[in-house]
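Notes follow the structure.
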Amino acid sequence: MTGGESGFEDSMERQPTGEDRVRMVARQVSEPRTANWIASEADWSHGPIKRVLERLVDDGILHHNDTGAHTTYFPDYRRQAITEAIRLRDSDHTAEGLTERLTDLKAQISDWEDEFDVESPNQLRGTLVDETLEADEEDRRREIAREWEHLQRRIEIVGFAVREWDFLAPTTDR
């Protein structure tokens, strides 16, 4: 058998299936989403998506909330945070490097607090009622508020990775 005939090379070139795409989208959502939204993002039909989402719920990868008008699905944020902390620990980062990153993230947030005289992303959003703001400044503040929330999540995860550096070490390092 020549190299071009191997099953390995075929599997390396395999396109993600609809189920693969659903799994990727569902694991990356940052807020609860409906099956229709996930189906649209994954570019897959609504019919089979429910089966995949329920399997992800059964496996503990997703949670669902069916108390509203539509059932929504969201990832287990704790699992995501621990997985990300392990990824940080297993990468080329050092505890010192991550500590410096924490300082940088906190400094960015402090700069925004000083620049806008606010203490949270929602308070920054509250400044959008100022009728004297230009449209591009409103857009900038919305984007900063989103980035601020993202940085707050990163601070929690990076801080956890630093605090639990020894615990998160690969078992071969212990």
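Taken together, the values in this text are just the output of simple stated rules run on the coordinates, not laboratory data. Just so it is clear, the model here is predicted, and its values are computed rather than measured. Positions of Cβ are backbone-derived with ideal geometry, glycine not excepted, and every protein chain shown enters the neighbour counts.
Brief remarks follow.
- Semi-axes of the equivalent ellipsoid for segment 28-80, computed as √(5λ) from the eigenvalues of its C-alpha gyration tensor and ordered from largest down, come to 16, 12, 11 Å.
- Measuring gaps between exposed loop sites in the chain (GluC sites (Glu not before Pro); DSSP loop; at most 14 other Cβ atoms within 10 Å), the longest gap, sites not included, is 14-118.
- Selected from 124, 62, 97, residue furthest toward positive end of dipole (the chain; charges at beta carbon): 62
- Cut-off 12 Å between beta-carbons: net charge of the residues surrounding residue 61, Lys and Arg +1, Asp and Glu -1: +1
- Cα gyration tensor, the chain - rounded (a/c under 1.5), prolate or oblate: oblate
- Low-density loop positions, trypsin sites (Lys or Arg not before Pro), segment 57-148 - DSSP coil, at most 14 other Cβ in 10 Å: none
- Charging the Cβ of each Asp and Glu at -1 and of each Lys and Arg at +1, and nothing else, the dipole of segment 60-174 about its Cα centre rounds to 880 debye.
- In segment 78-173, Cα pairs under 8 Å separated by at least six residues give a relative contact order of 50 percent.
- Rounded Å value of the spacing that divides the Cα centres of segment 17-78 and segment 141-155: 24
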